[in-house]
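Read the structure below first, then the notes.
Derivation of every value follows stated rules applied to the coordinates shown; laboratory data play no part. Computed from a predicted model, the values in this text were never measured in an experiment. Cβ coordinates were reconstructed from backbone atoms using ideal geometry, including for glycine residues, and neighbour counts include every protein chain displayed.
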Amino acid sequence: MTDATPTPRRLTVVGDALIDELRDPHGSREFVGGAALNVAVGLAVLGHDATLVAMLGDDEPAAHIRAYLRDYGVRLVESPSLHGTSRAVSDRSEGGEPRYEFNEAARRRSIRFDDATRAALDEADLVVVSCYPFDDSEQYASLVEAIELPRERLVVDGNPRSGMLSDRGAFLANLEDFATRSLLVKVGDDDAELLLGDSLDTFVRRLQSGREAPGAILATAGRHGAAVHVGDEVVREDIVELPGPIIDTMGAGDATLSAVVHHIAVHGVPRSTDAWSATLREAMTIAAATVRHEGALLRVPAHDTVYPS
């Protein structure tokens, strides 16, 4: 495993950027976050020329986000927000699964497809769409119109959030439509529960049985690991054990997606089950390193780490 790319690719990520406020019995802490931002920064950490297209307000939280992206070398193409910068509050003060609350800016997020945004899309080797407002019909139409790309350049992670979801049916329909346009679709067990009220396997089968199946489906299931579905082939990998305790699982899915996109950008789409297995195993190892730190920043395991064979 390497922590740098010999040939950096131009990768554009479209979606959300926000402040994650974590509350627990020890107090409150803030992190720069958002699924799309996490992926863009993760790709930069892995050595790529990354651009993030996201909405920000004209306020102090936006200044923190801009500074964070500059620190990691991620170019930002901003869409303006009339409601300030998005914020997610994660309350873990009572133990168990965290409860999330989103402010008005997060619930009404949108992307402006101006010349700068279109240039960032057109110039990219790969475009990743993550946590996009698929339940907004006008925003979805704008996305489809702006991205005139072959499916070999598109990756999507719906990443729905109950506190940001205004129309579950529209989100599901538009995500399924966009999946037909994509070489890779990431779905999680929590996505399946929120959008379908059903299992991850059911969601995968639904995507595969559509009018046109995605090129590949990356299905993540938390502590149960992840799988890649390509046609009738399924490649599964368990979670990876690394030294040290698990601190924060918030960025595991984004780290997994970043690692898989990194591999596709450098080496192309895996063409065999063995190649997919190696790609997914490396992604799960990066995710395992990430969850051993607080926050969602992608972490690359130490060079002396012994990786599973």
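At a threshold of 8 angstrom on Cα-Cα distance, excluding pairs fewer than six apart, so keeping six or more, what relative contact order does the chain reach in percent? Write out the running numbers ahead of the final one.
On the way: 655 pairs, mean separation 46.8, N = 309.
Contact order relative to length: 15 percent.
Within 10 Å of each candidate Cβ there may be at most 13 other Cβ atoms; applying that plus a DSSP loop requirement, which GluC sites (Glu not before Pro) in the stretch 195-300 survive?
Working: sites: GLU212, GLU233, GLU237, GLU241, GLU282, GLU294; in loops: GLU212, GLU241, GLU294.
Of the GluC sites (Glu not before Pro), the ones in loops of the stretch 195-300 whose Cβ has at most 13 other Cβ atoms within 10 Å are GLU212, GLU241, GLU294.
Between ASP189 and ASP167, take the C-beta separation as r, use R0 = 25 Å, and let me know the FRET efficiency to the nearest 0.05.
It comes out at approximately 0.70.
Between LEU82 and HIS267, with labels modelled 7 Å along Cα→Cβ, what's the label distance in nm to one decimal, could you check?
4.8
Could you check which residue among VAL127, VAL261, VAL240 shows the biggest mean-square fluctuation in a GNM of the chain with a 10 Å Cα cutoff?
VAL240
For the stretch 170-296, take every pair of Cα atoms, bin their distances at 5 Å starting from 0, and report each bin as a whole percent.
Calculated P(r), rounded to whole percents: 2, 11, 21, 23, 20, 14, 7, 2, 0, 0.
In whole Å, how far is the Cα centre of the stretch 211-260 from that of the stretch 138-188?
If we compute the Cα centre of each part, the gap is 19 Å.
On average over all directions, what projected area in square nanometres does the chain have, based on the convex hull of its Cα atoms?
Values: hull surface 59.7 nm².
Mean orientational projected area (the chain, Cα hull): 14.9 nm².
State the three equivalent ellipsoid semi-axes of the stretch 95-145, derived from the C-alpha gyration tensor as the square roots of 5 times its eigenvalues, in descending order and whole Å. Don't jump to the answer; show the numbers that get you there.
Details: eigenvalues 148, 42, 20 Å².
Three semi-axes, in Å: 27, 14, 10.
What net charge is computed for the residues neighbouring GLU233, neighbours being all others with C-beta under 12 Å from the C-beta of GLU233, Lys and Arg scored +1, Asp and Glu -1?
On the way: positive: ARG236, ARG271; negative: ASP232, ASP274.
Net of charged neighbours comes to 0.
Given the options LEU11, LEU37, LEU194, which has the most mean-square fluctuation in a GNM of the chain, springs set between C-alpha atoms less than 10 angstrom apart?
Comparing LEU11, LEU37, LEU194 in a Gaussian network model of the chain, the most mobile one is LEU194.
Hey, for a label at GLU138 modelled as a point 7 Å past Cα toward Cβ, could you say which residues of the stretch 98-117 have their backbone N under 14 Å away?
Answer for this model: 108-113.
Give me the distance in nm between label points sitting 7 Å out from Cα along the Cα-to-Cβ direction at ARG112 and ALA302, one decimal.
4.7
Only bridges whose two residues both fall in the chain count here: according to DSSP, what percent of them are antiparallel, nearest 5?
Numbers: 20 of 54 bridges.
Of those bridges, close to 35 percent are antiparallel.
Please report, to one decimal in angstroms, the Kirkwood hydrodynamic radius of the stretch 85-189 built from all distinct Cα-Cα pairs. Before the final figure, lay out the partial values.
Working: mean 1/r = 0.0669 Å⁻¹.
When all Cα pairs of the stretch 85-189 are included, the Kirkwood radius is 15.0 Å.
Full extension from GLU233 to GLU152: what is 0.36 nm times the residue separation minus their Cα-Cα distance, to one decimal in nm? Could the numbers behind the result be given before it?
Numbers: separation 81, 0.36 × 81 = 29.16 nm, distance 1.93 nm.
Gain in length upon complete extension: 27.2 nm.
Taking every DSSP beta bridge that has both residues in the stretch 8-116, what percent is antiparallel when rounded to the nearest 5?
Working: 11 of 29 bridges.
Just about 40 percent of them are antiparallel.
How large is ³J(HN,Hα), in whole Hz, for each residue of the stretch 157-172 in order, when computed from phi with the Karplus curve 6.51 cos²θ - 1.76 cosθ + 1.60 and θ = phi - 60°, using x for Gly and Pro?
Values, residue by residue: 10, x, 6, x, 10, 4, x, 10, 9, 9, 8, 4, x, 5, 4, 4 Hz.
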